[in-house]
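Following: one structure in structure tokens, then a few remarks.
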Amino acid sequence: MSLVIPSIEALVPYEGGKPVEELERELGITGAVKLASNENPLGPSPRALEAARATLAQIHRYPDGVAFGLREAIARFHGVRRDEVLQGAGSNELLDLVVRTFATREHHVVFGEPAFVVYRLASLVYGVPFTAVPLENLVHDLPAMAAAVTPKTRVVFVANPNNPTGTYVGRAAVEQFLRAVPPEVIVVMDEAYFEYADAPDYPSSLALRHLRDRLLVMRTFSKAYGLAGLRVGYTIGPAPLIDYMNRVRAPFNTSVPGQAAAVAALDDQAHVEESRRMNSAERVRLTQALEGMGLAVAPSQANFILVDLARPARPVYDGLLERGVIVRPFGNLPTSLRVTCGLPRENDRFLAALAEVLV
């Protein structure tokens, strides 16, 4: 007799970007560069670091379980009510929590493919049937996703910008989609890379909440705010949905240093702006350099790019590892690599290593 349901039996664990320490230990090298996990190469705001350090003498105490100060700061920043905000251990936990709270094996979930793997993982873990709608030219096909909704559908996930492609859907398409999906369905707009998007028609879904009641908008402090290691994210949505998720979430799900750092980071928008400015410049430079090598690059609005090598990507990935450069391969994109936009010197090293591997 199996100990788990078939979907868990067949589940492949999530595998993040290879750690620098692991690669250096394996190869006996130093100075490896990690461009695999879409981390902010500038690091966190100095204010966030100072705020986190100031809490260390109190880490024998449990954190504020309701994260009052953090939720209050987020609500004030976005002009919403505190009861419309829920904190999470990164937005990752909150995405999982949506499926766990609102869907059962009798329901149905819709998401794009390829998109953030947690949508699929959460559906499999809880045994919820799903439809993975193929992207169209590496962009979410919102009309097809709306058409995939059935009477059993409880949740639809849209990553905007999308991970791993970096592509986005514009305001007009999002507005039409939010109107098209039946009102009883929960639409989750996953905006983990929101701060990096600079396309004129890129929409903030928080500005579209008037279009439907059951809308959850996911944000995170892991990317532009540089707090990936502290695991702090949040969602904004109607108070009844937030209340149900709050009942199900793990107690004390955000740490004392994490809450303090996130509040301070939110107050340092100059650091976010500098991160955005550098990313925008390096994203353009990387794209142009790779296209100059004859490679296809998906148009990105995130802090990474997806490059199609027109050949199996795994040997190229391995060759880059041998040169101390860590990027990210994907099994469902077998000819492509995802590359984080790092510091200029890190990007230069990647480009030089890639040129060597491709010879």
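The values are calculated or read from the model by the stated rules, or taken from the named source; none is laboratory data. Keep in mind that this is a model prediction, so the values were computed, not measured. Please note: Cβ atoms are built from the backbone with ideal geometry, for glycine as well, and neighbour counts cover all protein chains shown.
Go through region 295-318 and give me each residue that's buried (at least 16 other Cβ atoms within 10 Å of the Cβ) and either outside the structural domain of Val33 (by TED's automatic domain parsing) or farther than 12 Å from Val284 by Cα (or both). Across region 295-318, the qualifying residues are Leu295, Leu306, Val307, Asp308, Leu309, Ala313, Val316, Tyr317.
Would you check if there is a residue in region 343-358 being touching a Phe, Trp or Tyr at 6+ places or on another chain (Cβ under 8 Å) and buried (at least 17 other Cβ atoms within 10 Å of the Cβ)?
no
Hey, among the residues in region 3-24 that are part of a helix (DSSP H, G or I) and surrounded by 11 or more Cβ atoms within 10 Å (Cβ to Cβ), which one's nearest to the chain's Cα centre (by Cα)? Once the filter is applied, the top-ranked residue is Val20. Screening region 113-203 for helices (runs of 4 or more DSSP H) wholly inside it with 3 or more residues that are surrounded by fewer than 17 Cβ atoms within 10 Å (Cβ to Cβ) and polar (S, T, N, Q) returns no ranges.
Within region 278-288, one or more residues are acidic (Asp, Glu) and over 30 Å from Asp83 (Cα atoms). Listed by first and then second residue, the pairs linking a residue in region 64-78 that is in the same structural domain as Ser255 (by TED's automatic domain parsing) to a residue that is surrounded by fewer than 15 Cβ atoms within 10 Å (Cβ to Cβ) and assigned to a helix (DSSP H, G or I), with Cβ atoms under 6 Å apart and 6 or more places separating them unless they lie on different chains, form an empty list. Taking into account only those residues within region 28-48 that are of a type in the set (A, V, I, L, M, F, W, C) and part of a loop (DSSP other than H, G, I, E, B), which is nearest to the chain's Cα centre (by Cα)? For region 28-48, the residue satisfying everything is Ala36. Residue count for region 210-239 satisfying the condition of being under 15 Å from Glu84 (Cβ atoms) and either in a loop (DSSP other than H, G, I, E, B) or not assigned by TED's automatic domain parsing to the domain that holds Phe77 (or both): 5.
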